[in-house]
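The values are calculated or read from the model by the stated rules, or taken from the named source; none is laboratory data. Just so you know, these numbers come straight off a predicted model, no measurement behind them. When we count neighbours, we look across all protein chains shown, and the Cβ atoms used for this are built from the backbone with ideal geometry, even at glycine.
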Amino acid sequence: MLAWINYQLTNNKGMTMQSRRCLRTAALAAVLTSVGLTVGCGLQQHAIVQHEDALAAAGFTVRLANTPARQAMLHRLPPNQFVRRVKGDTIHYVYADPLVCSCLYVGTQQAYDQYRSDRLQQQLVNEQQMAAQTYEDATWNWDAWGPWGPGYGPYGFVYGPVVGW
């Protein structure tokens with residue numbers, strides 16, 4: 001698309017100024033959209049990679065979809081979600097990743113329990129870090145940031161006087 005717009009701008013001398021502006025705006029919009037999508041996909045892939053590192057650390061094994069038959073089966077599973085497979089007395093948990101590694105993560109009940117335990121432990125660590133990060137600065141003016149709810153000034157939850165409460 002950008003090549004077509006560039007061609008139109010350079011080879012079409014009879015274009016009005018408004019048409020040229022419109023084409024330039026379209027080109028800018030196309031570039032910004034593609035950059036935004038690329039960044040968004042990169043952040044999502046990073047989160048998936050971290051998730052998959054946690055799976056491997058918990059004892060899940062990686063099985064690559066390295067044949068056409070495996071690729072077809074991989075795409076039939078819900079992406080980036082656990083699926084439970086029961087065969088006899090054996091339970092396996094399967095996590096399909098068709099985008100990042102084109103593979104399955106397969107684990108036993110023990111590996112799944114370890115994964116859940118690790119995630120819970122990480123969540124507790126994150127909450128403890130947040131709780132420990134109280135901001136103690138005597139010169140900081142919290143009131144400059146607006147009302148904080150009941151008990152934090154005359155306005156309560158809203159900006160402006162509370163009427164009819």
Test: residue in region 69-90 that is modelled with pLDDT under 75 and under 27 Å from residue 117 (Cβ atoms) | no
Across region 125-165, which residue is modelled with the lowest pLDDT among those that are loosely packed, with under 10 Cβ neighbours inside 10 Å and within 30 Å of residue 54 (Cβ to Cβ)?
-> 134
Failed item, numbered, when residue 110 is tested on (1) under 24 Å from the mean Cα position of the chain (by Cα); (2) in contact (Cβ under 8 Å) with a residue 24 or more places away in the chain | (1)
